[in-house]
Amino acid sequence: MVKRRATILIVDDERINIQILDNALSDQYNILAAMSGEQAIKVALESRPCLILLDIILPDISGYEVCKALKNNKQTSHIPIIFVTAQSLPEDELKGLELGAIDYFRKPFLVPLIKVRIRNQIELVQKTAALEQLAWIDGLTGIPNRRSFDKRYFEACKYAVRSKRRICLILLDIDFFKQYNDYYGHAQGDVVLQQVARALEQGVTRPLDLVARYGGEEFVILLTDSSEKEGALLAEKVRQKIEDLAIPHIKSNINRTLTISVGVTTSSNDGGSLDSKALLETTDACLYEAKAMGRNTVVS
Ligand code: GH3
Ligand code: MG
Ligand code: MG
């Protein structure tokens with residue numbers, strides 16, 4: 001596997017300091033630079049570097065303010081920050097670390113020492129990212145797993161109640177998949193699960209919506225802020241999309257082709273509470289009904 005070069009953002013108002021760090025690091029890392037606090041926040045948001053080396057005295061807001069802003073933003077709070085500064089009092093270092101920085105380098109610094117400490121931090125970032133991947137992504141299909149869904153669903157329900165918006169759940173299950181495995185083999189069954197996952201991902205394009213593997217040969221789609229009609233339309237679009245893949249399944253009595261059954265429900269938006277468990281159970285009941293009605297169908 002080709003390992004991607006990590007990106008480091010250097011924030012310093014003096015060009016010469018950026019140059020020294022760039023010389024020390026650019027053979028191993030992609031380097032971005034910012035010369036003010038506001039610019040640092042902008043670049044961090046746009047480029048999501050692996051690590052930020054942050055000066056404290058900057059021409060606009062201080063490095064402490066930058067650190068605070070980045071730690072308070074969900075999109076950047078995970079990025080490790082190391083202060084690199086001429087402020088050498090223990091109180092300064094304490095303040096920086098209390099704000100969430102992982103390390104504090106005093107200027108002037110020894111280049112070899114700083115390089116090793118940066119390498120250690122980057123390795124930690126990469127290991128954490130690999131673990132996150134394992135924890136939240138389904139290994140077979142590469143889409144979010146059940147755990148991801150549970151977390152996102154919980155958050156989406158809270159948001160829906162707060163903002164009086166509807167959420168929509170679509171549960172879908174491959175028809176006669178046991179027979180598929182029995183006839184074509186488990187490995188080919190795995191390929192089909194990957195194909196279905198890809199097709200679902202392509203069919204669900206709004207950035208806040210989620211496609212996840214719910215378990216075995218069952219998938220779930222979570223639509224945030226969606227009307228009943230939109231939910232039902234998407235469910236039908238997805239059913240058709242899987243049929244259109246025209247994956248041969250000679251043990252299926254539906255056109256000898258692989259199909260899915262789909263259940264779909266939308267929460268009410270009366271501003272009251274939202275029973276997330278009941279919504280899932282209703283969706284599951286719809287899916288069960290779709291199976292009972294002969295499969296390859298949507299029930300809402
Ligand atoms: P129905 O139309 O009622 O849904 O019937 P079905 O055969 O699809 O349902 P059933 O629940 O009886 O079988 C599900 C099958 O899905 C059995 C199981 O071996 C298979 N399966 C679950 N996870 C995987 C997987 O990761 N890979 C493969 N290849 N098969 C899987
Ligand atoms: Mg099933
Ligand atoms: Mg099935």
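The values are calculated or read from the model by the stated rules, or taken from the named source; none is laboratory data. All of these numbers come straight from a predicted model, not from anything done at the bench. Please note: Cβ atoms are built from the backbone with ideal geometry, for glycine as well, and neighbour counts cover all protein chains shown. Surface accessibility is based on the protein's heavy atoms, side chains included, excluding ligands, DNA and RNA. Shrake-Rupley method; radii C 1.70, N 1.55, O 1.52, S 1.80 Å.
Side notes on the structure shown:
- What you get for the chain, charging only the Cβ of Lys and Arg (+1) and of Asp and Glu (-1), is a dipole of about 420 debye around the Cα centre.
- Solvent-accessible surface of segment 169-235, averaged per residue with a 1.4 angstrom probe and all protein chains in place: 44 square angstrom.
- Rounded to the nearest whole Hz, the Karplus-based 3J(HN,Hα) values (6.51 cos²θ - 1.76 cosθ + 1.60, θ = phi - 60°) of segment 213-220 follow the sequence 7, 7, x, x, 10, 10, 10, 10, with x at glycine and proline.
- Pairwise FRET efficiency - R162 versus E289, Cβ, R0 = 22 Å, nearest 0.05: 0.10
- Angle between the chain longest axis and helix 228-244 axis [Cα atoms, degrees, rounded to 10]: 80
- Within straight-line reach of K68, meaning a Cα separation under 21 Å, sit the following lysines at least 8 residues removed in sequence or on another chain: K42, K95.
- Binned Cα-Cα distances of the chain, short to long, each 10 Å bin given as a whole percent: 6, 23, 22, 17, 17, 12, 4, 0
- Hull volume per residue, based on the alpha-carbon atoms of segment 1-141 and their convex hull, is 115 Å³.
- For the chain, the longest principal axis of the C-alpha atoms and the axis of helix 276-292 are separated by about 40°.
- Residue-wise HN-Hα coupling along segment 24-32, computed from phi with Karplus coefficients 6.51, -1.76, 1.60 (Hz; x: Gly, Pro): 6, 10, 5, 6, 10, 10, 7, 10, 10
- Taking the centroid of alpha carbons for each part, segment 271-300 and segment 145-222 are 14 Å apart.
- Sequence of F109, F83, F154 from largest to smallest accessible area, 1.4 Å probe: F154, F109, F83
- Note on segment 48-116: dipole from Cβ charges, positive end direction compared against V111, I82, L51; the farthest Cα belongs to L51.
- Residues K71, K151, K178 ordered from highest to lowest accessible area at a 1.4 Å probe: K178, K151, K71.
- Nonpolar atom fraction for segment 104-228, defined as the carbon and sulfur part of the 1.4 Å probe accessible area, stands at 57 percent.
- Helix 111-136 vs. the chain, principal-axis angle (Cα, 0 to 90°, nearest 10): 10
- The order of Y214, Y288, Y180, Y159 by accessible area, most exposed first and with a 1.4 Å probe, is Y288, Y159, Y214, Y180.
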